[in-house]
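For reference, the structure is listed below as structure tokens.
Every number in this text was worked out from the coordinates using simple rules, so none of it is lab data. Model, not experiment: these values are computed from the prediction. When we count neighbours, we look across all protein chains shown, and the Cβ atoms used for this are built from the backbone with ideal geometry, even at glycine.
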Amino acid sequence: MSVSSALQRLANYRFNNSRASLDVFKHGQSLLKSGVTPKNDESWEFLEQLALAAIDLDKLDVADVCLQKLGAKFPGSPRVEVLTGIRMEASEPITTVLEYYNDLLIADPTNAAAWKRRISVLRRARSLDKATEELIQYLDTFYTDPEGWLELADIYVSNLLNPQNPFTFVQFAETAYSSGDLPLALKMFLVAIEMMERDLESPETTPPTGLAFRAWWGIKLCARHLLGGASGVTSSPSNTPVPKHLKSVDALATERVLGAYKGKELEERRRLVERWLSSSK
Amino acid sequence: MFKDSADGINIDLLSSSMAPTVRISAVAYYKLYFHAAKHPHQPVNGVFLGTQDKVGGPIEVQDAVPLLHHWTSLSPMMEIGLDLAGQFAQENGLKIVAYYQAQRNVGDVGLGPVGEKLLGRLREQFKDVVGFVIDGEDFGTDKAALNPWTYSGDQWKAVPPSDKPFSQGSVYQLSSPDLPTKALHYVREEGHHQAFGDFDDHLEDVTIDWIRNRTCIPIDA
């Protein structure tokens with residue numbers, strides 16, 4: 001294969017965001033060996049791409065050559081620093097790697113790439129709680145990152161003994177709400193309720209308790225904001241649409257929440273809640 | 001401190017340069033104490049309800065409403081709890097005058113981004129709102145163990161320790177200096193905190209009286 005067509009092939013992979021490590025490595029390495037020196041921006045990207053492929057295939061010496069060239073050309077570049085971190089992940093102990101990303105983040109807390117690498121290292125190291133905690137923090141700041149959301153959904157769904165656990169969805173819903181994605185929050189709350197109440201024969205005589213109670217509150221809050229029409233409230237970083245029958249959902253949630261406050265003892269609390277439910281702030 | 005010095009002085013100038021006095025009643029302090037005591041290693045939070053005659057005037061904290069013991073960010077449940085607490089305050093002629101929280105780690109005495117956001121919202125309704133961070137090291141001693149935070153110059157700042165809040169002559173006072181010792185007694189010897197419930201608890205069990213917590217208040221309060 002000619003030099004130019006090899007370069008083109010690699011460029012295509014980058015354009016399509018394809019991993020294709022074996023192929024990238026094969027062509028990339030021969031280009032490197034033949035002394036092809038990068039002349040423009042694209043060529044530096046090729047080095048980064050080759051480094052990643054080499055790390056993937058455990059050809060760390062090739063990765064190191066690429067890193068060396070990149071480091072010399074772009075000293076102090078955050079992008080190169082993250083690439084260095086990825087290279088370290090392949091051979092250094094986890095504590096060293098985590099410390100390294102920590103230092104990057106202390107120097108620049110807005111380095112999203114470093115943050116994400118750190119989270120993925122934590123996840124691989126089975127520090128799931130920490131990984132989840134940091135991912136939630138990350139999404140609080142970078143809430144329009146769909147990759148981050150998918151990762152969170154994946155952590156929640158793939159780390160349960162029983163994948164049909166509604167608690168997961170309530171937790172996810174609350175996270176989505178805190179990050180300003182109301183349609184996603186509402187959807188997740190509704191999924192949780194579906195799981196918990198789909199076999200409920202007579203809802204009027206069975207008010208929600210525990211987790212379902214919490215989820216209905218969440219639904220009511222979301223519906224209220226979404227119906228309120230404040231600017232930007234229906235925008236969804238995860239592109240979740242607002243459900244069609246929002247008003248019915250809102251009415252049902254009102255009924256379900258209120259239904260839990262039965263009996264004379266709960267009267268004062270019922271009135272308090274009733275007042276909140278009927279206001280449309 | 002300057003209650004009678006209002007004549008001829010621009011009140012606005014005074015209120016913007018000096019923090020108003022804050023006096024915390026036994027009921028309010030006990031509730032905060034029981035809340036923190038019930039969840040020793042968790043980030044509890046809640047609000048203080050009270051009165052203030054005019055902006056910049058002395059604040060009387062009369063009651064506390066506990067919110068959560070399990071949160072990492074401004075969650076939907078925090079918002080609902082806060083709304084309901086605000087409503088309850090209004091129905092009883094009170095206002096939300098302060099916010100309290102304990103952090104998860106003993107050494108962590110900051111407000112944090114969530115605390116600041118919450119206080120920002122509360123400030124929209126009550127200009128002199130104060131933040132109190134529970135001091136994990138002093139909690140359980142005879143000290144009040146509350147670090148006040150106030151808003152000045154566009155940001156939330158901790159009141160410097162040199163100001164000695166809750167000591168004699170400070171702008172921040174407990175209605176009686178032996179409240180911390182009494183509270184500790186009620187927790188240790190009589191387990192008052194066990195009957196205590198916050199909004200989180202209420203969501204688990206609707207019969208929990210999180211808004212008043214009548215049963216856990218000592219008779220002498």
- Peptides B:41-49, A:221-229, B:152-160: what's the order by average Cβ count within 10 Å, highest mean first? B:41-49, A:221-229, B:152-160
- Query: Measuring from a point 7 Å past the Cα of A:Glu267 along Cα-to-C-beta, which residues in the range B:78-97 have an amide N at less than 19 Å?
  - Reply: B:88, B:91-92
- Message: If you take each beta carbon of peptide B:76-88 and count the beta carbons of other chains within 10 angstrom, what is the mean?
- Response: 5
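Find the relative contact order for chain A and round it to a whole percent, using C-alpha pairs within less than 8 Å whose residues are 6+ positions apart. List each step's numbers first, then the result.
On the way: 260 pairs, mean separation 28.5, N = 281.
Computed value for chain A: 10 percent relative contact order.
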- Filter on B:Lys143/B:Lys164; A:Lys33/A:Lys59; A:Lys220/A:Lys247; A:Lys33/A:Lys69; A:Lys26/A:Lys69; B:Lys117/B:Lys182 - keep pairs with C-alpha separation over 21 Å: B:Lys117/B:Lys182
- Message: Restricting to DSSP H runs of at least four residues, report the calculated mean residue ellipticity at 222 nm for chain A, -39500 (n - 2.57) per run over all residues, nearest 500 deg cm²/dmol.
- Response: -23000 deg cm²/dmol
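Once you keep just the Cα pairs under 8 angstrom separated by 6 or more residues, what percentage relative contact order results for chain B? Don't skip to the answer; put the middle values down first.
Working: 389 pairs, mean separation 49.5, N = 221.
Rounded, it is 22 percent for chain B.
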- Per residue of A:174-180, count partner chain C-beta atoms within 10 Å of its C-beta, then hand back the mean as an integer. 4
- Message: Quick check: pseudo-label points 7 Å beyond the Cα along Cα→Cβ at A:Ser120 and B:Glu137, how many nm apart are they?
- Response: 4.1 nm
- Message: Quick check: residue separation of A:Ser4 and A:Ser34 times 0.36 nm, minus the Cα distance between them. What number comes out in nm?
- Response: 9.5 nm
- Query: Where a ≥ b ≥ c are the square roots of the eigenvalues of the C-alpha gyration tensor, would you call the range B:111-221 rounded, which needs a/c under 1.5, or, failing that, prolate if a/b is larger than b/c, or oblate?
  - Reply: oblate
- Task: Could you tell me which trypsin sites (Lys or Arg not before Pro) in the range A:113-156 are loop residues by DSSP with no more than 11 other beta carbons within 10 angstrom of their beta carbon?
- Result: A:Arg126
- Message: Highest mean first, how do A:46-55, B:85-94 rank when packing is the count of other Cβ atoms within 10 Å averaged over residues?
- Response: A:46-55, B:85-94
- Task: Express as a percent, rounded to the nearest 5, the fraction of DSSP beta bridges in the range B:24-142 (both residues included) that run antiparallel.
- Result: 75 percent
- Note on the structure: Counting only DSSP beta bridges fully inside chain B, the antiparallel percentage to nearest 5 is 70 percent
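Listed highest first by mean packing, meaning other Cβ atoms within 10 Å per residue, what order do A:212-220, A:81-89, A:260-268 come in?
Going by the mean number of other Cβ atoms within 10 Å, highest first, we get A:212-220, A:81-89, A:260-268.
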- Check the straight Cα-Cα distances from B:Lys54 and name the lysines below 17 Å, setting aside those fewer than 8 residues away within the same chain. B:Lys3, B:Lys95, B:Lys127
- Any aspartates and glutamates with Cα under 15 Å of the B:Lys38 Cα? List them, leaving off those in the same chain fewer than 8 positions away. B:Glu189, B:Glu190, B:Asp198, B:Asp200, B:Asp201
